[in-house]
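**Q** Once you've had a glance at the structure underneath, I'll fire off some questions.
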There are 2 protein chains.
Amino acid sequence: MRPTVTLRDIARALDLSTSTVARALADNPQISEQTKARVRISAAEFGYVANSAARATRRGHSTLIGLIIPDVQNEFYGALAKGLAQCCEKAGYQLLLAITEDEPVSEEHHVRGLTEARAAGIVIVPSPQPSKETMALLARGSWVQLIRRIAGAEAPWFGIDEAAALRSATAHLLSLGHRRIGYVGGMLDLSTGASRLAGYQAAFAALGIPAPEHLIRTGPPRTHFGAEGFRDLWLLENRPTAIVTAGARLTAGVLEQIGQMAIKVPGDISVVGYGDAPWWSSNLTTIGLPVREVAISCGEYLLRHVTGKQVSDGTPALNYEAVHTPTLIVRASTKAIG
Amino acid sequence: MRPTVTLRDIARALDLSTSTVARALADNPQISEQTKARVRISAAEFGYVANSAARATRRGHSTLIGLIIPDVQNEFYGALAKGLAQCCEKAGYQLLLAITEDEPVSEEHHVRGLTEARAAGIVIVPSPQPSKETMALLARGSWVQLIRRIAGAEAPWFGIDEAAALRSATAHLLSLGHRRIGYVGGMLDLSTGASRLAGYQAAFAALGIPAPEHLIRTGPPRTHFGAEGFRDLWLLENRPTAIVTAGARLTAGVLEQIGQMAIKVPGDISVVGYGDAPWWSSNLTTIGLPVREVAISCGEYLLRHVTGKQVSDGTPALNYEAVHTPTLIVRASTKAIG
DNA sequence: TCCTATCACGCAATCGATTGCAGTCAAGCA
DNA sequence: TGCTTGACTGCAATCGATTGCGTGATAGGA
């Protein structure tokens, strides 16, 4: 077995032209069944493996789909990656994973790499501030935004109704009589962070009550800040009677801090989590996120687009957007005040 | 700006040959600095983006590194993916993510895809039973095994000393006076599952005590089985006084079940976890796994190999293996018996 | 003045697969 | 027999980048 078997090798062995072999392998109708069979058998014997790089050269684009996310270790993005990977596999595409850590420089680097690889499409969870160059590169191909949204970007968006999530969480607590409801959430320069906070505020507004601005803590969406933010709120003179969290990592941080300080839930404080990680206490009232759904709807849309028109003549239906709605799961970590 | 700018376009504009442009962009010493500068400027103006597919065609291999894992949502594999991704980024390679769900068919599919893409190398966490075809395809290029190990496979292996992990966990409990130590672990057809159980047994053997075979439960490494296995053990007449878990998912399941049944830890039972997920109760005595370390050592090795010799003339040093040692982290979920 | 390094660069083949166009061959029909 | 038609295939160009080999020019040395 030669190191690499090419169409030529098969063609020579069968005394055919490479074109015929290529067409046979592609199941082209203008090739006779008999020839196809001979080719297939020979290919198997030779251990022929197609060269998708060469194919991509000719076709002008590969079968790669790029996924650009801040982090895979985060179970939220991990779930997205998995959903996308499954979509890709089903459609015969391959998933190229890029992790940015929310660094615009890294983001640009990866977008460039994907452009060089002539990726068929790109799914991106954008950083807070994508560079101009990043946007220019994205604009060359098909791309969609996932979860977060770039202000003014002309590409479809697939996301979650974050405002609704926090609105319902907050409303739930309000309906239980809570008023001093603390908020621990992500930074406001992310579209998600801003939406979540808006949801929190909207819940108060709906009741005509002013939101307690002094109980709002926003920062980097990391466990560390969740703990810190909570501690900060807890140590206030007039500490909150309930907490809503607006981020999975933050929820973890809050819960950990609560554990460390031996605070009783819901005795001392009611807590609403964000997301529904399988490993969280099964007692946590939380916001169930349609993570898988959004990933799949995103993947299917993009793939339908890139498989549809051979030439990626720009971005798919620029203004398309799909919003998935989260669900509040009421369990035992929240109770009426008093 | 044309849809795609090629070397030719730049060459024509500058009245040079494409070879010169290519060499200039590659910073080839035989091109004068002046010409290089002109080319670089022109390339930037044109918005030239290299075509790595064409490059791969010519070179015979791409800059793709394949990572084949059972699941990314699992934080353990997620961490591996992240480590590898970072290695790749540093070396200018790209990470192609493939998820098998431990299905040999899917595994083969992905290995084929990576072979077609002429990946520079493949990192695989093999399924319990890789197909023959899978092995044949892997053998064509550079590949390494991660964590799990295929019996008789001729490729380097990067893993964790799983036996040591369970030996120290079990020894810890034995030293606390426990004897009826339950074991909830993964299936034995995985190299990891077998090693872990062996470690558990070795700890008993070291004390000349027979291991309590009837307290051993092995099954699929999922949360669900963790819960089930624990419940099973707990309902025994002579229930164990301590539990070691041999899998992160299993630990999660055990803990959840313990929570549901309102069992006190370590009052009613001592528990040692497997892995150190940040979201676990910070009171859990557990086995800290050098996940990141193993991923990075694996990635650096493979990349050093593929970047070293241009031609991937087979697998890197066939018998190389790197074993990373876990650490027992003693916290509050274990106590002396009595 | 003639010869020979050096330097900077171009020619053309090559990588492997794909595809528009054209050619071959045999059967069918008048 | 001569022409048409359709079924199969082959030729050769093409995709974009890379690279071995060769060439012209300039400069320095004899």
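**Q** Does B:ILE181 count as surrounded by fewer than 24 Cβ atoms within 10 Å (Cβ to Cβ), under 24 Å from B:ILE329 (Cβ atoms) and more than 21 Å from the chain's Cα centre (by Cα)?
**A** Values: surrounded by fewer than 24 Cβ atoms within 10 Å (Cβ to Cβ): no; under 24 Å from B:ILE329 (Cβ atoms): yes; more than 21 Å from the chain's Cα centre (by Cα): yes.
Considered against the rule, which asks whether it is surrounded by fewer than 24 Cβ atoms within 10 Å (Cβ to Cβ), under 24 Å from B:ILE329 (Cβ atoms) and more than 21 Å from the chain's Cα centre (by Cα), B:ILE181 comes out as no.
**Q** A further question on this structure: When you look at A:ASP268, is it within 30 Å of A:HIS305 (Cα to Cα) and among the charged types (D, E, K, R), yes or no? I'd like the intermediate steps shown before the answer.
**A** Values: within 30 Å of A:HIS305 (Cα to Cα): no; among the charged types (D, E, K, R): yes.
When the stated conditions are applied, A:ASP268 does not pass them.
**Q** Any residue in the stretch A:82-96 that's hydroxyl-bearing (Ser, Thr, Tyr): show its pairings with residues that are surrounded by 24 or more Cβ atoms within 10 Å (Cβ to Cβ) at Cβ separation under 8 Å, as long as the two are six or more apart or on different chains.
**A** What qualifies is A:TYR93/A:LEU64; A:TYR93/A:ILE65; A:TYR93/A:ALA120.
**Q** In addition: Checking A:ARG222 against (1) within 14 Å of another protein chain (Cβ to nearest Cβ); (2) buried (at least 21 other Cβ atoms within 10 Å of the Cβ), only one condition comes out false. Which one?
**A** (2)
**Q** Related question: I'd like the residue in the stretch B:62-74 that is over 12 Å from the mean Cα position of the chain (by Cα) and among the hydrophobic types (A, V, I, L, M, F, W, C) and, out of all such residues, is farthest from DNA strand D (Cβ to nearest atom).
**A** B:ILE65
**Q** Let me ask something else about it. In contact with a strand residue (DSSP E or B) (Cβ under 6 Å, 6 or more places away or on another chain), within 12 Å of chain A (Cβ to nearest Cβ), among the hydroxyl-bearing types (Ser, Thr, Tyr) and assigned to a helix (DSSP H, G or I) - does that describe any residue in the stretch B:234-256?
**A** Looking for residues that are in contact with a strand residue (DSSP E or B) (Cβ under 6 Å, 6 or more places away or on another chain), within 12 Å of chain A (Cβ to nearest Cβ), among the hydroxyl-bearing types (Ser, Thr, Tyr) and assigned to a helix (DSSP H, G or I), one finds at least one in the stretch B:234-256, hence yes.
**Q** Check B:GLY78 against each of (1) assigned to a loop (DSSP other than H, G, I, E, B); (2) under 29 Å from the mean Cα position of the chain (by Cα) and name the one condition it does not meet.
**A** (1)
**Q** Given the condition part of a loop (DSSP other than H, G, I, E, B) and β-branched (Val, Ile, Thr), answer yes or no: does some residue in the stretch A:201-216 qualify?
**A** Going through the stretch A:201-216, the residues part of a loop (DSSP other than H, G, I, E, B) turn out to be A:207-212.
Going one step further and asking which of them are β-branched (Val, Ile, Thr), we end up with A:209.
Yes, some residue in the stretch A:201-216 is part of a loop (DSSP other than H, G, I, E, B) and β-branched (Val, Ile, Thr).
**Q** On the basis of being away from DNA strand C (no atom under 16 Å from the Cβ) and more than 10 Å from every other protein chain (Cβ to nearest Cβ), does B:ILE68 make the cut? Walk me through it before giving the result.
**A** On the way: away from DNA strand C (no atom under 16 Å from the Cβ): yes; more than 10 Å from every other protein chain (Cβ to nearest Cβ): yes.
Here the answer is yes, as B:ILE68 does meet what is asked.
**Q** Could you list, in sequence order, the residues of the stretch B:224-247 that are polar (S, T, N, Q) and under 14 Å from B:GLU213 (Cα atoms)? Give the derivation first.
**A** Residues of the stretch B:224-247 polar (S, T, N, Q): B:238, B:241, B:245.
The one that is polar (S, T, N, Q) and under 14 Å from B:GLU213 (Cα atoms): B:ASN238.
**Q** Check A:ARG180, A:ARG231 and return the single one that is out of contact with any Leu (no Cβ under 8 Å at 6 or more places or on another chain) and not aliphatic (A, V, I, L, M). Spell out how you get there, then give the answer.
**A** Working: A:ARG180 fails: out of contact with any Leu (no Cβ under 8 Å at 6 or more places or on another chain).
That would be A:ARG231, the only listed residue that is out of contact with any Leu (no Cβ under 8 Å at 6 or more places or on another chain) and not aliphatic (A, V, I, L, M).
**Q** Would you mind stating whether A:THR251 is β-branched (Val, Ile, Thr) and farther than 29 Å from A:LEU84 by Cβ?
**A** Numbers: β-branched (Val, Ile, Thr): yes; farther than 29 Å from A:LEU84 by Cβ: no.
The answer is no for A:THR251.
**Q** So, one more: Tally the residues that are under 21 Å from B:ALA198 (Cα atoms) and aliphatic (A, V, I, L, M), restricting the search to the stretch B:135-152.
**A** 4
**Q** Moving on to the next point. Step by step: first the residues of the stretch A:32-61, then only those that are within 12 Å of DNA strand D (Cβ to nearest atom) and of a type in the set (Ser, Thr, Tyr), then the one that is surrounded by the fewest Cβ atoms within 10 Å (Cβ to Cβ). Which residue is that?
**A** So the first thing to find is which residues in the stretch A:32-61 are within 12 Å of DNA strand D (Cβ to nearest atom), and the list is A:32-39, A:51, A:53-61.
After this cut, where a residue has to be of a type in the set (Ser, Thr, Tyr) as well, the list is A:32, A:35, A:57.
Numbers: A:SER32: 11, A:THR35: 15, A:THR57: 20.
If we take residues in the stretch A:32-61 being within 12 Å of DNA strand D (Cβ to nearest atom) and of a type in the set (Ser, Thr, Tyr), then A:SER32 is surrounded by the fewest Cβ atoms within 10 Å (Cβ to Cβ).
**Q** Is it fair to say B:ALA262 is within 14 Å of chain A (Cβ to nearest Cβ), part of a loop (DSSP other than H, G, I, E, B) and over 29 Å from the mean Cα position of the chain (by Cα)?
**A** Details: within 14 Å of chain A (Cβ to nearest Cβ): yes; part of a loop (DSSP other than H, G, I, E, B): yes; over 29 Å from the mean Cα position of the chain (by Cα): yes.
When the stated conditions are applied, B:ALA262 passes them.
**Q** If you don't mind, there's one more thing I want to ask. Report, ordered by the first and then the second residue, all pairs with beta carbons closer than 6 Å, sequence separation of six or more or different chains, a first member in the stretch B:19-30 that is within 16 Å of B:ASP9 (Cβ to Cβ), and a second member that is modelled with pLDDT under 95 and among the hydroxyl-bearing types (Ser, Thr, Tyr).
**A** As it stands, the answer is B:ALA24/B:THR35, since those pairs meet every condition given.
**Q** Looking at (1) of a type in the set (A, V, I, L, M, F, W, C); (2) surrounded by fewer than 16 Cβ atoms within 10 Å (Cβ to Cβ); (3) more than 29 Å from B:LEU255 (Cβ to Cβ), which is the only condition A:ILE263 fails?
**A** (3)
**Q** Residue check, A:ALA136 against (1) farther than 30 Å from A:ALA242 by Cβ; (2) aliphatic (A, V, I, L, M); (3) touching a helix residue (DSSP H, G or I) at 6+ places or on another chain (Cβ under 8 Å), all met but one. Which one?
**A** (3)
**Q** Now for a different question. Does B:GLY185 satisfy the criteria of being modelled with pLDDT of 95 or more, in contact with a Leu (Cβ under 7 Å, 6 or more places away or on another chain) and not in a loop (DSSP other than H, G, I, E, B)?
**A** Working: modelled with pLDDT of 95 or more: yes; in contact with a Leu (Cβ under 7 Å, 6 or more places away or on another chain): yes; not in a loop (DSSP other than H, G, I, E, B): yes.
Against the criterion (modelled with pLDDT of 95 or more, in contact with a Leu (Cβ under 7 Å, 6 or more places away or on another chain) and not in a loop (DSSP other than H, G, I, E, B)), B:GLY185 qualifies.
**Q** Now for a separate question. Limited to the stretch A:282-294, what total is found for residues that are crowded, with 18+ Cβ neighbours inside 10 Å and either within 11 Å of chain B (Cβ to nearest Cβ) or part of a loop (DSSP other than H, G, I, E, B) (or both)?
**A** Going through the stretch A:282-294, the residues crowded, with 18+ Cβ neighbours inside 10 Å turn out to be A:284-287, A:289, A:291, A:294.
Imposing the further condition that a residue be either within 11 Å of chain B (Cβ to nearest Cβ) or part of a loop (DSSP other than H, G, I, E, B) (or both) reduces the set to A:284, A:289, A:291.
The qualifying residues number 3.
**Q** Looking only at the stretch A:2-31, filter to residues that are more than 10 Å from DNA strand C (Cβ to nearest atom) and exposed (fewer than 11 other Cβ atoms within 10 Å of the Cβ); which one of those is farthest from the other protein chains (Cβ to nearest Cβ)?
**A** Here the answer is A:ASP15.
**Q** Scan the stretch B:279-295 for residues that are touching a residue at least 12 places away in the same chain (Cβ under 8 Å) and either under 19 Å from B:GLY267 (Cα atoms) or hydrophobic (A, V, I, L, M, F, W, C) (or both) and jot them down. Even if it seems obvious, please write down each step before you answer.
**A** First, pick out the residues of the stretch B:279-295 that are touching a residue at least 12 places away in the same chain (Cβ under 8 Å): B:280-295.
Result: B:TRP280, B:SER281, B:SER282, B:ASN283, B:LEU284, B:THR285, B:THR286, B:ILE287, B:LEU289, B:VAL291, B:VAL294, B:ALA295.
**Q** Restrict the check to the stretch A:204-211 and report whether at least one residue is closer than 23 Å to A:VAL291 by Cα and of a type in the set (Gly, Ala, Ser). Outline the logic, then answer.
**A** Here is the first cut: in the stretch A:204-211, the ones closer than 23 Å to A:VAL291 by Cα are none.
Within the stretch A:204-211, none of the residues are closer than 23 Å to A:VAL291 by Cα and of a type in the set (Gly, Ala, Ser).
**Q** Looking at B:VAL272 and the list (1) within 14 Å of B:CYS87 (Cβ to Cβ); (2) at pLDDT 95 or above, which single condition is not satisfied?
**A** So B:VAL272 meets the others, but not (1).
**Q** Separate question: What number goes with the only condition from (1) within 14 Å of another protein chain (Cβ to nearest Cβ); (2) in contact with a Phe, Trp or Tyr (Cβ under 7 Å, 6 or more places away or on another chain) that A:VAL49 does not pass?
**A** For A:VAL49, the failing item is (2).
The values are calculated or read from the model by the stated rules, or taken from the named source; none is laboratory data. These numbers were taken from a predicted model, which means no experiment stands behind them. Glycine gets a Cβ as well: all are built from the backbone with ideal geometry, and neighbour counts include every protein chain shown.
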